Every structure is written in structure tokens, then in C-alpha cells.
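Okay, structure first, notes after.
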Amino acid sequence: MTFSSVLIANRGEIAVRIIRCCKELGIETVAVYSDADRLSPHVLLADKAYRIGPPPATDSYLNIEAIIEAAKRARVNAVHPGYGFLAENSMFAERVSAEGFIFIGPRAESIAMMGDKITARTLMEKAGVPIVPGTITPLQSVEEALTVAGDIGFPVLLKATGGGGGKGMRIVENADQLPSAYKSARSEAKNAFGNDSVYVEKYLMDPRHIEIQVLADSHGAVVHLNERECSIQRRHQKIIEEAPSAFLTDDLRQQMGDAAIRAARSCGYVNAGTIEFLVDASGAFYFLEMNTRVQVEHPVTELITGIDIVKEQIAIAEGNPLSFSQEAIRIRGHAIECRIYAEDPLNNFLPSIGTIRNIQSSLGPGIREDRGVQAGNRITVYYDPLITKIIAYGRTRQETISKMDRALSEYNIQGVITNIPACLAVLRHPLFKKGMYNTHFMQDYFSIGITATPDENEMLATAVAASFSVHDHIRKNETPGTQTGSRSGWKSKNIPK
Ligand code: MV4
């Protein structure tokens, strides 16, 4: 089947990304929007747009009835869920299909299986994909947790079966801490996921977070598009991603790619998906979770492989076989993505709420920008404060870092405070430049005083002072702060290049 019309059940940059892809394919685009998004780029770009409710996501972008109603009215062939919102809601996928539309994503069963972390671990174990040592059944008692922890050794990590993304986890260092951690993990899981089931894993001390992109068609072909290194994150929010990983050898890359393909096959996966792994310093890797959606960081993979992942998602959903084999997939060059958030480092990194007065992009050779907001739009409390994604592509990692530095230094956003200075500080950090980092990088080097070296503390103090001056303007209600790499004092004179 060839789609003539697709509804995009999302907002922001990913909705724009999908709309642009549909336009290239000659497919009519149908946007949905909340009252907060009436003038957002995804609405203005689409051929048609339907209001689905008031600003709160539960009343709009999570409102299954309203979205189905819009799909019926617009008579679309298919629905693309993007990421977040309903993208990994198996009931939504089921409902879309039941109403006669094609869901541009995996089967509802695959989503449900991978959403249950114990089911996922069990499937991986059967498929020969390494999992972190621990249980593959829900813990029945604190005694069982103690026994398992005794076997695998402390520290251990309690995780929620219905969880993911770091919610409801408890690190347990010794037997004394176990009973209270067990109790609180269960009650937090119950509150957050309506499911108090928890399991236990060996806690890996300094892992890297490396994920493999896969594509699977409806005819049984599964390929992988290599890895993305996603260790630069704060509180489980990724900030900088890159491909390829500076850490992987060709041998390890192939092993992880093969494991990812086995993982996708284990749940009868169709469409684009991502297998997340934790990788320790010795190169041992362990399955963490499978993400059954297109991801925020998909562009870095597109740049190094030349494959348009959203286009492939649509082709797969149309029932077409993949047009390339694993052997045809090559890595060329290096790509880095920086997620630019409206957030305030001096206010505990809470979203910097306000109207974007002006945005001047800094495109240039090797710079891609995926953005879903424009001047006049508001960063609100209702949605993720992601403003834009800058993606740099060069021949080498070093060249790519330079391109990103140039682009971020020149980028100019007025009206809200952003994490651009923080991204620049990471790019210029000696250990980042060497590719020597793991999931603790942000915590280790960008928390004043605790673990950072004197040099790093000085860099950070300069950064905080710089954002103070920006901040002051806004506090005093003067002209909203102009924040660019250069004007906020983050240029090379402060940070070693
Ligand atoms: C772990 C771990 C160490 N050992 N599991 C965090 C998000 C959730 N998906 C799983 N996470 C982790 N699981 C074991 N057995 C460390 C983390 C973790 C982490 C993982 C990936 C990226 C960033 C992270 C930050 C803190 C903890």
C-alpha cells in the first residue's frame, strides 16, 4: 500500500521532521495541536491541522479519542506517533489499527513486551542477548532480594518492572539498606506505574550508554545501523549524542549489532527500534531496554549511514521490503547532536519558561538543525522544553566537534535561558575531546565542588557567572537576555579549546 495521507500524532521538532519527510514523499500531512500550539511550526507546515484539546498533554497529545477522531475526519491512511506521548502506548497502537489505520511503528504486542522490563529480560536471555546478572521474575519478598543480592554481590540496583528511563530505581550498597530500599522502590513503582513489581540487577559502576538502531521490515529482514553513544546525560535526560562511539572497536560493534538484531527478532519486531546497552570499561555489554519508537537522537545515525530513518519507517509501514542489506550499510564520517533546552542552571535546571523573542540559527557546512519552535512561540510548562537539536557532521570526530563549537557559539536565542553554554563546556572538556567519558560525566565534571578538579571547577564557575548576567536581565525585567556562546563569556578565553 502507498500512503496518500498521514496524521502526525505529535508536536515540536519531531512532528516537523515527520511532516518534512512526508512532503518529500508526496504524502498529505495532517497535524494535530493543542491550544498552546495553534501557531507552532508543525501546525503551519502541515496541509491540514485539527485541534485536539487544551494545553495539558493528558487532554490533547495523550487524548486517544481526540486523535482518532481527527484521523477519521481527515481520512488518513496511517498515523505516525513520533516519540514520547503515545508512541510506546500499546493500547494506542492497537486502537489505531482497530480503527483501520496503519500505525507507523511496531506491532502493539512488541511494544507491550518491551514495555515490561522483566518480559524483555526474559526474551533477551532466551535470544542469547547478554543481560545484567539479576532476576528475570518479579521479587516476591525482601528475603528473595537478599538471597539474589548475596549471589550476584553488592551493590545491586532495584528496578521497576513497569519502569524505564531511570524512574523508580534504587541503588543498594549492602544488606542493611535492602529492606527499606525494597519498600520504597515498590511504593514508588506503584505510584508511578500502577504496578509495584520490582526486580534486581547487579549495579554496574561506570557504564557507558551505547545503543544500536535497528530497522525491521514486515518480511522478516532485520538490519542494524550501528551505534549511538549517549552517555552525556543529566538525570536521565540525554544532552549530547554521537555516532560512531569513540569507544567501540569494529569487533565490539559487530557483536553488539548482531545482539541487537537477535533482540529485535525476539519480539517479532517490525519498523525502527533501538536496543539500549550498558557497556563496561572492559567492553562487556548488557541489554538495558528496547525503545520501540523513533528516537530524539536518530539524526546522528542518519548522517553517518546516509539512511533516512523516518522514510524507512514509512516504507516499512507501507509493507515494502528493506531496499538494502546489512552489507550495504557503511559508516562514513562522524556526527554529534546537541539538544538545546530552555533550562535555567541557576534554578535547579528547571525549564526556563517564556516567549522566544528571536532565534538566529547558525547553519553552515555540516550543520543540520531539527527545530519545532519559532520566534513568538512560548516555552510552557506543558511540554518538554527542548528548543532545537543541532547536529554536526564531519569527516572526523575532531572536525565534527569544531563544527558544533562554531555553530553553538554563533547560535542566538532571545527570551529564554538555554543550556548552550553547558554544551560548549562539554565539547571543550579535555576528556570529552579524547572520547573518555561514561554516564557519570556530567555529574563528575559539572557539579561544583564535589568531584570536579580545580580547573573544572573554574570552568564551571565561569559558566555560572556568565549565565548569572543573562539571568539578571530577565530578573530585572529588562530586555530579555541575549545568550550566545560569545556573549555569555564562554569563548575560548575561558575554556581551553
Ligand atoms: C543501570 C545502571 C547500572 N547498572 N543498571 C538508568 C536509566 C535506566 N534505563 C537504567 N539506568 C541504569 N541502569 C545497572 N544494572 C545505570 C543506569 C544509569 C544510566 C544508564 C544509562 C544512561 C544514563 C544513566 C545514568 C544513571 C544510571
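FYI, it's all coordinate maths here, none of it is from the lab. What you see is a predicted model, and the numbers here were worked out from it, not measured in a lab. Virtual Cβ from ideal backbone geometry, glycine too; neighbours counted across all protein chains shown.
Per residue of the chain, what 222 nm ellipticity follows from adding -39500 (n - 2.57) for every DSSP H run with n ≥ 4, rounded to the nearest 500? Only helices count here, giving -10500 deg cm²/dmol. Taking 0.36 nm per residue of separation and subtracting the current Cα-Cα distance, fully stretching the chain between residue 355 and residue 94 would add 90.2 nm. Panel values: the chain, Kirkwood radius from alpha carbon pairs, Stokes-Einstein at 10 °C and 1.306 mPa s, translational diffusion coefficient 67 µm²/s. Amide H to amide H distances under 5 Å link residue 5 with 28, 77, 78, where only residues 5 or more positions off or on other chains count and H is placed in the peptide plane.
For the chain, relative contact order (Cα pairs under 8 Å, six or more residues apart, normalised by length) works out to 13 percent. Counting charges near residue 11 (Lys, Arg +1; Asp, Glu -1) among other residues having Cβ under 14 Å from its Cβ returns a value of -1.
Taking Cβ atoms as reference points and 14 Å as the exclusive limit, the residues near residue 187 contribute a net charge of +3, counting Lys and Arg as +1 and Asp and Glu as -1.
The local environment of residue 54, defined by Cβ-Cβ distances under 12 Å, has a net charge of -1 under the rule Lys, Arg +1 and Asp, Glu -1. Using C-alpha pairs under 8 Å with a sequence gap of at least 6, the mean separation divided by the residue count of segment 255-300 gives a relative contact order of 32 percent.
The stretch between residue 250 and residue 363, if pulled fully straight at 0.36 nm per residue, gains 37.5 nm over its current Cα-Cα span. Each residue, residue 137 and residue 311, gets one label point 7 Å from its Cα in the Cβ direction; the gap between the two is 5.0 nm. Using the alpha-carbon centroid of each, what span in Å lies between segment 1-37 and segment 275-297? If we compute the Cα centre of each part, the gap is 29 Å. When only Cα pairs below 8 angstrom with a gap of at least 6 residues are kept, segment 293-381 shows a relative contact order of 23 percent. When the listed pairs 117/183; 23/389; 183/389; 48/117; 23/72 are checked against a 28 Å cut-off, the alpha-carbon distance exceeds it for 183/389; 48/117. Residues whose amide H falls under 5 Å from that of residue 32, counting only those 5 or more places apart or on a different chain, are 8, 10, 50, with hydrogens built in the peptide plane.
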